[in-house]
Structure formats: C-alpha cells, structure tokens
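Everything on this sheet refers to the single structure shown next.
The values are calculated or read from the model by the stated rules, or taken from the named source; none is laboratory data. These figures come from a predicted structure and were not determined experimentally. No Cβ is skipped: glycine too gets one built from the backbone with ideal geometry, and neighbour counts run over all protein chains shown.
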C-alpha cells in the first residue's frame, strides 16, 4: 500500500509539472469550430478528494475521503481559495462526505453516504447542523429514520434540495431520486439501478447519472422523465453551466488507470470528463485519461473543475475562444 501511495504522489507531481510546461508552450493556430480546452492543476497533494462544488470564480468546495465509513477520521470538507491556493477547513469527522452542493445563499451542503444524513454549513453563522433528517444524531438516530445511502445532491431555484439514495446499487427498486424542503420528502423516481449524482438546470430541468445503466436521465418541469444519453461508460459526477447549455459529466470505466493524453504513463485507462451541448446535442471530450475524475463542477465563468481522487488533485479546464486565432494545447 505504501508503494502505491508513493507512486501516486510522484505521478501527481509529474502531472502538475507536465501541464505547467504545456501551458507555456507554443501552440498552433486552428480554425476548427470544435470546442477546445486548456487544462491545469489548481490543487495538489490532497487526500482522496471526492465531491466538488462551486458558484464562484474565486473559490471551490471539496471533500476528502481517505477513510471511507469511519467517524472521527481524516474525512473533511474544505473551501479552496483559487487566488491564494489556500484551503480552509469547514468540517471534519463524517464517515463519507461524498457529494457537495450550494444553495443560492452560498450555504454548503453535503451527503454523508454511510451515516445516512445530509449536513448543512451556514456560511454566515459558521455553524454545521443536520439538514435531513433534522435532529440527526449518529449515536441515537435509528437506522429506519436515516436516509438510505444518500449520494447526489443539488438545489433548485426555489431552495428545494434534490438528492439520490443508492442503498442497492445495480438493482431497480430501492434506489431513489427525491426532492425535499428539509422536512417533507417527495419521491421523483424509483426506477433506476444506480442514480449516482444529480444537477438542476436554470430552467428547472433535473439531470442525473445512472452509473450501472450507463445513462443520463432528464426530468422536465412537467415531471416527465426521459433518457437523455445512453451507452455511456460508468457515468458518475454531473454539473451544468449557468446558461443551461453545457452539461458536464465524468465517466469511470477504468478507475485508477491512466490513459489517453494524460501522462505520465499509459495504463489503458478510458476515464473521461465530457461536455454535452444541449442545444446542438453534441458530445465533446474535455479531458481523457485522469485515473479517477470522480466529481465535476462548473463555475459562473465557464471553467470546469473536477476531483481526481487517486492522484489527489483538482484539475481545471478553461474553454478556449473559438476564432481563427484560437490556440489549443494537446496533452
């Protein structure tokens, strides 16, 4: 295990250095209308970064889960200042803070999968409390009153939380997609085998990944659920930009393996960060080859961020302006 961890630390350093060099290299001009992206590492040396969220071009929120399922261990939720590169601790001690979401006031929420709870951090009062179920206590709340392995989490413009529960991954029936105001829970769907992560667009439509089925589903404002994309490879994290045009998601068919254009070695990995243009119905690869791009978020300025859990980094993709003078870097 020590050899593996050491190897990943070396890989993380090499990856950050390689991308930094590419950022300063000369590039060829292109007249292509394909969207292209500049990739950089914005944080490294993290301890199994997992969930990620942002509503600002200045900061990110992310979770670290080195000790899955253990209370009082090294699992944390932090805020990253993108200008200084410094991280600030928000919470520690939950057994599995897997996904993070922000409401319109900037309060921070996260699902704790093994504890069966959604927690809230009030950004103004600097306090943490259970959001759902209310009054949750890890020592006294009975199992039947807890959530069933909550996973994905997002908020709509009315302040309602939409979340997924995956107690029985791979099997249809017990896995749920629901909405809540913090008290009442309304069922949205119970027909997917693994609804992993969820996001709400500005127009109110909801999208979620179903990992084992290899699909992304869409729920309209009229509560009609349809299949948006299919034949995907283990889709996991999902996010949407502020215009509602670009949907981003990660695919993890070969977790832990490098591949594609991401160095420093090719192990046959096929993991990707993808962009789907909802207007043109077009898929574009943002990044190919990170070993475990677990979750993804997009800032108001259009920059895409994702966590790479095994290497311990947060990466950023900046869409390039598409003109005859556009530059792009192949890496």
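Brief remarks follow.
- When residues in region 244-259 are screened for being touching a residue at least 40 places away in the same chain (Cβ under 8 Å), assigned to a loop (DSSP other than H, G, I, E, B) and crowded, with 18+ Cβ neighbours inside 10 Å, 2 of them pass.
- Residue match in region 236-243 (condition: in a loop (DSSP other than H, G, I, E, B), surrounded by 18 or more Cβ atoms within 10 Å (Cβ to Cβ) and modelled with pLDDT of 95 or more): yes
- Lone qualifier among 183, 144 - being under 19 Å from residue 115 (Cα atoms) and assigned to a loop (DSSP other than H, G, I, E, B): 183
- Residue in region 153-171 that is touching a strand residue (DSSP E or B) at 6+ places or on another chain (Cβ under 8 Å), closer than 19 Å to residue 209 by Cβ and touching a residue at least 60 places away in the same chain (Cβ under 8 Å) present: yes
- Residue match in region 215-234 (condition: within 22 Å of residue 319 (Cα to Cα), in a strand (DSSP E or B) and touching a residue at least 12 places away in the same chain (Cβ under 8 Å)): no
- Of residues in region 279-315 being free of Cβ contacts under 8 Å to residues at least 60 places away in the same chain and at positive phi, the one surrounded by the most Cβ atoms within 10 Å (Cβ to Cβ): 289
- In region 216-227, the residues that are more than 18 Å from the chain's Cα centre (by Cα), under 24 Å from residue 300 (Cα atoms) and either surrounded by 14 or more Cβ atoms within 10 Å (Cβ to Cβ) or modelled with pLDDT of 95 or more (or both): 219, 220
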